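All remarks here apply to the structure that follows.
The values are calculated or read from the model by the stated rules, or taken from the named source; none is laboratory data. All figures in this text were calculated on a predicted structure; none of them were measured in a lab. No Cβ is skipped: glycine too gets one built from the backbone with ideal geometry, and neighbour counts run over all protein chains shown.
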């Protein structure tokens, strides 16, 4: 739901200035534009807009208006928020009494908020397109190249594609008086009470009760809900936490005969939930019309699988949908020192059979400096002369790299402020602030137009609790295994996962890991055979799954890519690169696993094109 607040007069802006319908209004010294005026709330002398959800755990789980009122009042008082306030959100609040404007976001900041001070005027919005059209600020070469070049295909830190326009950093809180920023604070509450590493613990009981409460409070005022059910551990954890008195509709993308679809359907059957799956391989390279529609609405088209659901489900009104994309934190998958495939294979018996403790390196100033230098070096390698020269930008390569360093340093400063006890946790928090925040977060945002899209595992309460579970207890699915032995989750633990097919999830790793290894090796063999034969119709997985070789055989592939870049704002070199990559994958000269690189560039070009079109 798009929203913008500014100190600038909006008299000259009419409905024709925008690709979506907006309503004008005024609050105190500020003017605003909003798609749905009902989304702008008022209580206790405070006017506020909330994207996502926010709840007060000290209140009864009823009457969402009371929660919004209490939480907005707490935000207006101080930051970080007290332990009773939870949610996953961004918020803009105007205090009518002291005339202060506050804008903030949660610990990760999936729901974006952008701000800009230009020619003495202040702008705050949750839409980069709306920000560009109202402020008329120029595009930023560093931001454009950063979003195009990888590896995350997103901006780092506060960078955006608009010059001097910033996105709130994770956990950031800004107070403005008039047109000036007078205060800035951060929530550094992750990892602040890390548990003991002893594997004989009962932390999973407390965690599960808090998780169930989070889900219950997320669903206040909703009797019927949707759940994005992949069949993995994250979505089945949510399925088990939904209160029994709620009607649940489980949604997944994928054909009926996909193994993952069958797993998801089996989970839904266990809880007597309704189940629907959707499949349309043509949507992985959607028409320009569809791409423009969803990018205009969400600014988050990256994982095209969601289009299979969004283009085919029919909703009369906006409904809630739960997503569970942060359970990787419970398994410590972003702790790179212990998550590589080679490490897991070599140390399987040590950690899974003999249950040895993982050893962690204590954090020091020197170790931190070494780590940030290695991360910086990793991202520098993406900025080769060949890559940079593909773009038609005025900024030199050295300045693009300098801009990247500035943005990485913003993330590094957020990590440093947490005083992490172990070196291995640097990688985890860095991934939360980059990969989880934007590429993974885009899945929440693309659904947030047709649905009220919520991710309880990313909430303040749950993420704080997760970060405080000692990594020795999270790695190797140790904590998840304990959770799934609880009564509420036992029935869901009988259903296999796609990683270790056929074997119930509750089986020991001694049984699951060999099957996972056999399946993985068979998949590898079939993939190599398919690529060698150059025949996309051959079997390419042991168990039928999403067929990327066939996706690239889309008869409209060339036509759609040409349409994406018909008005090319990235450069002829980048267009030719994208076109060639798609053709190589179609011809099986390169393994066609995923298309994020292509769609991210197409979405960015579409975004710039929308801005350009409505500015003229």
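Out of all the residues in the range 187-203, is one or more assigned to a helix (DSSP H, G or I) and modelled with pLDDT of 95 or more? Can you show your working first?
Taking the range 187-203 first, the residues assigned to a helix (DSSP H, G or I) are 203.
Subsequent filtering for residues that are modelled with pLDDT of 95 or more retains 203.
Checking the range 187-203: at least one residue is assigned to a helix (DSSP H, G or I) and modelled with pLDDT of 95 or more.
Just checking: which of the helices (runs of 4 or more DSSP H) contained wholly in the range 461-580 hold 3 or more residues that are in contact (Cβ under 8 Å) with a residue 12 or more places away in the chain and in contact with a helix residue (DSSP H, G or I) (Cβ under 7 Å, 6 or more places away or on another chain)?
Numbers: elements: 471-474, 478-483, 509-533, 548-551, 557-564.
Those helices (runs of 4 or more DSSP H) span 478-483, 509-533, 548-551, 557-564.
Given the residues 107, 81, 133, which is the only one that is touching a helix residue (DSSP H, G or I) at 6+ places or on another chain (Cβ under 7 Å) and more than 30 Å from residue 216 (Cα to Cα)? Explain how you work it out, then say what you get.
On the way: 107 fails: more than 30 Å from residue 216 (Cα to Cα); 81 fails: more than 30 Å from residue 216 (Cα to Cα).
Selected residue: 133, the only one of 107, 81, 133 that is touching a helix residue (DSSP H, G or I) at 6+ places or on another chain (Cβ under 7 Å) and more than 30 Å from residue 216 (Cα to Cα).
Pull up the range 61-85, narrow it to residues that are over 25 Å from the mean Cα position of the chain (by Cα) and without any contact (Cβ under 8 Å) to a residue 12 or more places away in the chain, then point me to the one that is surrounded by the most Cβ atoms within 10 Å (Cβ to Cβ).
66
Would you check if residue 582 is modelled with pLDDT of 95 or more, more than 22 Å from residue 143 (Cα to Cα) and buried (at least 20 other Cβ atoms within 10 Å of the Cβ)? Walk me through it before giving the result.
Working: modelled with pLDDT of 95 or more: yes; more than 22 Å from residue 143 (Cα to Cα): yes; buried (at least 20 other Cβ atoms within 10 Å of the Cβ): yes.
Against the criterion (modelled with pLDDT of 95 or more, more than 22 Å from residue 143 (Cα to Cα) and buried (at least 20 other Cβ atoms within 10 Å of the Cβ)), residue 582 qualifies.
Checking residue 106 against (1) surrounded by fewer than 21 Cβ atoms within 10 Å (Cβ to Cβ); (2) more than 28 Å from residue 9 (Cα to Cα), which single condition isn't satisfied?
All conditions are met except number (1).
Can you name the number of the only condition in (1) in contact with a strand residue (DSSP E or B) (Cβ under 8 Å, 6 or more places away or on another chain); (2) part of a helix (DSSP H, G or I); (3) surrounded by 19 or more Cβ atoms within 10 Å (Cβ to Cβ) that residue 208 fails?
Just one mismatch for residue 208, condition (1).
Just for helices (runs of 4 or more DSSP H) wholly inside the range 247-320: which have at least 3 residues that are over 20 Å from residue 560 (Cα atoms) and not assigned by TED's automatic domain parsing to the domain that holds residue 610?
Details: elements: 259-270, 288-298, 305-310.
Fully inside the range 247-320 and qualifying: 259-270.
List the helices (runs of 4 or more DSSP H) inside the range 368-450, counting only whole elements, that have at least 2 residues being within 20 Å of the chain's Cα centre (by Cα) and crowded, with 18+ Cβ neighbours inside 10 Å. Before you say what the answer is, go through the steps one by one.
On the way: elements: 385-388, 397-416, 424-431, 441-446.
In the range 368-450, the matching helices (runs of 4 or more DSSP H) lie at 397-416, 424-431, 441-446.
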